[in-house]
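The values are calculated or read from the model by the stated rules, or taken from the named source; none is laboratory data. These numbers come from a predicted model, not from an experiment. Ideal geometry is used to build each Cβ from the backbone, glycine not excepted, and the neighbour counts take in all protein chains shown.
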Amino acid sequence: MAPSVCLQEMIRVIRSARTQGEERGVIQRECAAIRAQFRQADSGGRSHNLAKLLYVHMLGYPAHFGQMECVRMIASPRYSEKRIGYLGAMMLLDEKQDASLLITNSIKNDLSHSSQYIQSLALCTLACMGSAEMCRDLAPEIERLLKASNSYIKKKAALCAVHIVRKIPELGELFTPSAHSLLSDKNHGVLHGAVVLITELCERNPGNLDEFRKAVPELVQIMKGLVTSGYSPEHNVAGISDPFLQVRVLRLLRILGRNNDEASDAMNDLLAQVATNTDSSKTAGSAVLYETVLTIMDIKSESGLRVLAVNILGRFLLNNDRNIRYISMTSLQKIVQTDHTAVQRHRGTIVDCLKDQDASVKRRALELSLALVSAANIRSMMKELLRFLSTCPPELRSHATSGIFNAAERYAPSQRWHIDTILHVLITAGGDVRDETVPNLIQLISVASELHCYTVHKLYRALISDISQQSLVQVACWCIGEYGDLLLKGDCDEIEPMQVTEDDVLDVLETILQSHMSSPTSRGFALTAIMKLSTRITNNIDRIRSVVSIYGSCIDVELQQRAVEYNALFKKYDHMRYLIMSSHTIMGFNSVTCLCVFSAPNVTVYEKGGVNLKLQCDNQTETAITVTFTASNSTQSDITSFTLQAAVPKSVQLQMKAPSGDVIPAQGRGTVTQTILLNNPNKASLKMRVRLSYTSQGTLCQDMVQIDSFPSPAWN
Amino acid sequence: MMRFLLLFSRQGKIRLQKWFLPLGEREKKKIIRDMTTMVLARKPRTCNFLHWKDLKIVYKRYASLYFCCGLEEEDNELLALEVLHRYVELLDKYFGNVCELDIIFNFEKAYFILDEFLMGGEVQETSKQSIAKSIEASDMLQETMEEYMSKPAF
């Protein structure tokens, strides 16, 4: 075989260029020479020239001026020129180029050439870059070649037909009759081509399925022959006879057996045989087993066979070969919903794969583990998932945290466990928690009222060691703002006591406000928390006031607005400050427990610790309403210093009348009433926040009620 | 079907590119960039499969060359490893202990061999001997013609 010297010389020169610029210079010179020689139509070196151009093209340089040369070379009678011409066509021409149409005629001629190697070139090129037009034109030729001719051409014609069917599915009916008869050929190349063609015909046109289901017995025979045959040197790969053909036959059987009992029955025994007898110590055998498992799970197989298939996947999980472990998990993922119990049996191994070195395997293991979490295994699974989270690769972390939160929310065995899990995730991976989950987490924490003290202590401790994780910062700030009083009291049953002063808390919140690591959202949370603390602390109101006023001129517009509003609360509306900043406050992102008042005219809106508050509404006019609160006391001793305060939306005007008194007699012997006049000129949706304050048995009590709707038809 | 087959060096230089689907030049360049970046970033002892857009990517390193192919959802990845391996065996048989330089200096032969093994993104022939015989016969045909052409007229 004579090497193309000129080509290799050029390659050598290009490779010896020391810089990109030098290489470009060489390429330019060579291309100029090639162009000149194309124009000359010199007989000897034409194929070398085109080959040189193709090399230049592969380096990434433009080579479109060679397109016409390809067309000319393909039309040449010389094999060497045709060969490189067709290669050029496959590399430089595609269906989008006009020049590609010009070779259609050459291809047509070459398809009937006396030399099978020239026929082969034409077939290969058509299958590689044939446009729809070319395919339509040449389809009858291909069909003819499928029937006549030798195996060498038949197998190529079959794959060419596949390409044609992909381009123009309707032409499939041209090939359907011949495709079936190809299955009786003994040549493996032809068989393989036939199976691929039938697969394509069935996928493109489900109408063909009935016709080709008749071939199932034949296909089963072919497989049996491959599986039980002795050693065949020509087709043997690591002890498996022609794994390429076996896999394609199995894939076709899958398509034919899907949703069809009869076909599935006919292949049942074969699949069991292949599943049991195939040696999976090397990749070839594993490839066949893998395809077998996919087929078993997709057709209507007996339950025994399905169990066998899942067990094969389970075995794959323990294989030393990482690829096989990965494949096993992708397959298990596909069937985890339909065959949940079977997959659960392998949960232990799957969880072990979380520790695999390979990131792809880890990803698959995470997906599967999350799918396998159930009420029965939540505690042990969560341990594993949290352990995984600490060593989790960065690209998987946000997916892992979301998955953990979902699982926790669905199956939490107790509130304390749930809160602990949330805290653990925030502390370990708070930076990767998605922003949208923060409001949800806050909601969950606020609902678990017995754990407020515990939660705020733990979050505070996490915060003082690390303020870089934004989700953690946001949730912690909210909790500190909301439950700051619990934090400052210092004691909590579940954890070691820690003395936290007001200054400590304000220090942390101010640090977050000033830190460049804090996102705008986090700073908003911190500022709000500082503001809320103004109602829960006693010694540092001035400090808070000054922080808030500083941020009134902050560059961040949102923060500035917030600070200005808070400033106003300090100055003009100090009497409202307690109301708005007390428990269960909405400031745009918290959640609130509300009470909706329905049709009854006199309804209880609050009942706690023996104190009962009723509400009655009377409309004077469409825009004026009188609200009367009646408070009663069922405890053993009198309630003293009872006061009510109310806040309403901005457009509504409020006038508090003098209360009837501030002592509620014990044991329901008397009441206190308070009337409030409301003027709602804009007929806005009426809401009211009421704050109660009283002393009962020597203890000062404060609480808040939100009333969202009033029993008045005028406002509905 | 296989959508593409790429061979590239450890420095990301492409040594062979076979596209089984029509794509624009820009798209091809982008795919090559993405494949080389992704595959070269893989640590040793990780599995040979990746996900990229809607394709399964299978790659294997042989000496200084990476063999990388893009598969569709239904294709068998483990079999693809066997396909890549078979191609390497064919090259090895042809060139005798093949190395990257062989493929650089005889790239057109690498394509010819590939075109006897795969067609339209599918395996064309499953017998190594059969492919080797066809290549031999084609080369003979080429030589004979060249000999004939370089002979003087009389």
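Per-residue answers, yes or no, for (1) surrounded by 24 or more Cβ atoms within 10 Å (Cβ to Cβ); (2) more than 24 Å from the chain's Cα centre (by Cα); (3) more than 19 Å from B:V58 (Cβ to Cβ):
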| residue | (1), (2), (3) |
| --- | --- |
| A:T292 | yes, yes, yes |
| A:M297 | no, yes, yes |
| A:R306 | no, yes, yes |
| A:R322 | no, no, no |
| A:I327 | yes, no, no |
| A:S331 | no, no, no |
Answer from A:E30, A:E22, A:E9 - the residue that is more than 13 Å from chain B (Cβ to nearest Cβ), closer than 22 Å to B:L16 by Cβ and among the acidic types (D, E) | A:E30
Any chance the stretch A:102-110 includes a residue that's touching a residue at least 40 places away in the same chain (Cβ under 8 Å) and either among the small types (G, A, S) or within 11 Å of another protein chain (Cβ to nearest Cβ) (or both)?
-> no
Can you name the residue in the stretch A:78-89 that is touching a Ser or Thr at 6+ places or on another chain (Cβ under 6 Å) and facing chain B (nearest Cβ under 8 Å) and, of all such residues, is surrounded by the fewest Cβ atoms within 10 Å (Cβ to Cβ)?
-> A:S80
Within the stretch A:475-488, which residues are under 15 Å from A:T511 (Cβ atoms) and either in contact (Cβ under 8 Å) with a residue 60 or more places away in the chain or not small (G, A, S) (or both)?
-> A:C477, A:I480
Name the one entry in A:K155, A:K82, A:K108, A:K96 that is out of contact with any Cys (no Cβ under 7 Å at 6 or more places or on another chain), of a type in the set (K, R) and not in a helix (DSSP H, G or I).
-> A:K96
Of all residues in the stretch A:129-152, count the ones that are in contact with a Cys (Cβ under 9 Å, 6 or more places away or on another chain) and at the interface with chain B (Cβ under 10 Å from one of its Cβ atoms).
-> 1
Only one residue in B:E73, B:E100, B:E27, B:E89 is more than 18 Å from the chain's Cα centre (by Cα) and within 30 Å of B:S127 (Cβ to Cβ). Which one?
-> B:E73
Kindly check whether there is at least one residue in the stretch A:161-169 that is over 26 Å from A:E262 (Cβ atoms), in contact (Cβ under 8 Å) with a residue 24 or more places away in the chain and more than 12 Å from chain B (Cβ to nearest Cβ).
-> yes
Could you pull out the residue among A:T428, A:T421, A:T455 that is modelled with pLDDT of 85 or more, within 24 Å of A:T538 (Cα to Cα), in a helix (DSSP H, G or I) and of a type in the set (S, T, N, Q)?
-> A:T455
Those residues of the stretch A:249-281 which are in contact with a strand residue (DSSP E or B) (Cβ under 8 Å, 6 or more places away or on another chain) and within 13 Å of chain B (Cβ to nearest Cβ), in sequence order | A:T278
Does any residue of the stretch A:341-349 turn out to be free of Cβ contacts under 8 Å to residues at least 24 places away in the same chain and either aliphatic (A, V, I, L, M) or surrounded by fewer than 18 Cβ atoms within 10 Å (Cβ to Cβ) (or both)?
-> yes
What number of residues in the stretch B:119-145 are more than 7 Å from chain A (Cβ to nearest Cβ), under 17 Å from the mean Cα position of the chain (by Cα) and closer than 21 Å to A:S80 by Cα?
-> 3
Are any residues in the stretch A:539-561 crowded, with 16+ Cβ neighbours inside 10 Å and part of a loop (DSSP other than H, G, I, E, B), and if so, which ones?
-> A:N540, A:C554
Would you list the helices (runs of 4 or more DSSP H) that sit entirely within the stretch A:320-363 and hold 1 or more residues that are within 14 Å of chain B (Cβ to nearest Cβ)?
-> A:322-335
